[in-house]
Each structure stands twice: as structure tokens, then as C-alpha cells.
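Peer 1: Input: one structure, supplied below.
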Amino acid sequence: MKVIKAKDYADLSRKAANIISAQVIMNPKCVLGLATGSSPIGTYKQLIEWYNKDDVDFSGVTSVNLDEYVGLPEGHEQSYRSFMEETFFKHININPASTFLPDGNVEDLEKECARYDNLITDLGGIDIQILGLGHNGHIGFNEPDDAFEKMTNIVDLGETTIQANARFFASEEEVPKKAITMGIRAIMQAKKIILVVNGNDKYDILKKALTGAITPHVPASVLQLHADLTVIYCCDQEI
Ligand code: GLP
């Protein structure tokens, strides 16, 4: 595991974007595993800047996102599809048909979970996965549980997650109570993982995830077992 303390959020974003752009330059047909949340926004901004300077070309890239809310109407501005379109996809030259997210609006959600796992397998797996960290240690929407959920699955969002995500909605009641998330298996099978963590409020959970026991009660702790994990964080204290 490589752990890098960034000077500030811009430094964190540039460092993460550097690793991703190097991947795209070395393998223009790579599969990027992408994340939502506020942490990677700066990374996407930096990548867009380099795209605009012609330094990186996304035309051959495929993307698979970690998760999506269940039940938000198509086009809802807080759906993760809309978030990705607005913060990243519409600013770069990725082929829209090569951008994948789980669909939280289908009738048969179990079938959708299987479809998403098969899709990732058919793509040959994920070359590089970017992850944020939830306050309760979640990655994607894999919430603390008694067992690691291996496959894409439907989750009941925990209270802290609903509260944390309420800032994006008009009220807490509007936050969906369920989501569909890539499982731990596909995440752990990514050839490379970058975990980006910003802010002192994440310090305790980051420390627990990286140095504490490996337990499904802290889902991100499983990352200790990954062979190529880079953690880039920005907190006052050192891990
Ligand atoms: C959401 C997403 C996660 C993300 C987390 C942290 O719940 N499903 O993938 O990592 O929030 O978000 P933030 O980066 O805004 O703290």
C-alpha cells in the first residue's frame, strides 16, 4: 500500500489525476472504475483541464461506475448518472455508449445486479478504480455489515449515509433509502485502486480502515489486502 499525504485538496486531485491520466496514456482502451461523491470532483476537473490541453484522450476509454441510487427518476439531477454527465462525461470525449452505471430504475433489480457483474467480467475487469470513503467506512455503497458483499448488490443505506448525502437534496426525506452497488469482489479485482480521502472529518475512519482490523464492519478495511492500492489523503494529521 502506498499512502500519500497531499498538501491540500488541489494537490490531492492533481496526484490522483496524474495516476489516471498515466493509465489512459499507457493504455488508451483501458477500463476506468469511477466514483461519485465530492472527493473525486477535483480529480475530474483536473482531467478535464488536461483533456482541453490535448494531453489526454478518452475516446477509447470505457468507464464503469460504482453505484447508483434506486428509484430516482431518469434524469434526476442527483442520480449518479446525472452527476457523472455533469461533472465529467460531457466535458471530455469519452464515447457515451462506453460509460456504464448500474441502473436503479429497472423492475428486476436482482437481474440488474447480475447484468452489472457480467458486464464488468465481459469488459475484462477494471484497470484502475477510484474510490471515495464514506464516514462509516463504506466504499461504493457497500455499507458496514456482518459479511463482505462480494457481488453487485442492493443495499439499504445506513442512517449516517443518508444524513451525509442529504446535503445534495432539498431534504433528508428525499434521499433514496436504497442503492445498487458494485460488490467488493469487482472492486478488489481492479488491477489498481486509488482511494481519495479529503477532510479532517474522515481522519478517524481512514486510520481505522488502513491500520485497524480487516472487518466487514469497516468495508474499506478490505483494501489492506489489495496488491496495488494508493491512498491519497488530505487531513491535518498524519496517518
Ligand atoms: C457516497 C458514494 C461513495 C462516496 C461517498 C463519500 O455515499 N456512494 O462512493 O465515496 O459518498 O462521499 P464524499 O466524497 O462526498 O465524502
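Coordinate-derived values only; no laboratory data. From a predicted model like this one, the values you see are computed outputs, not experimental measurements.
Peer 1: Check which residues have an amide H placed less than 5 Å from ASN65's amide H, if you skip close sequence neighbours.
Peer 2: Amide H neighbours of ASN65, under 5 Å, 5+ apart: LEU34, PHE100, LEU101.
Peer 1: Suppose we look only past 18 Å in the calculated P(r) of segment 1-132. What percent of the Cα-Cα pairs does that tail hold?
Peer 2: For segment 1-132, the share of Cα pairs beyond 18 Å comes to 55 percent.
Peer 1: With the radius of gyration and the Kirkwood radius both derived from the Cα set of the chain, what is their ratio Rg to Rh?
Peer 2: 0.93
Peer 1: Where Rh is the Kirkwood radius over the Cα pairs of segment 89-149, the temperature 4 °C and the viscosity 1.567 mPa s, what D in µm²/s does Stokes-Einstein return?
Peer 2: 92
Peer 1: Which residue fluctuates the most in the chain, going by a Gaussian network model with Cα springs under 10 Å, if the choices are SER59, SER79, SER39?
Peer 2: Looking only at SER59, SER79, SER39, the largest GNM fluctuation is found for SER59.
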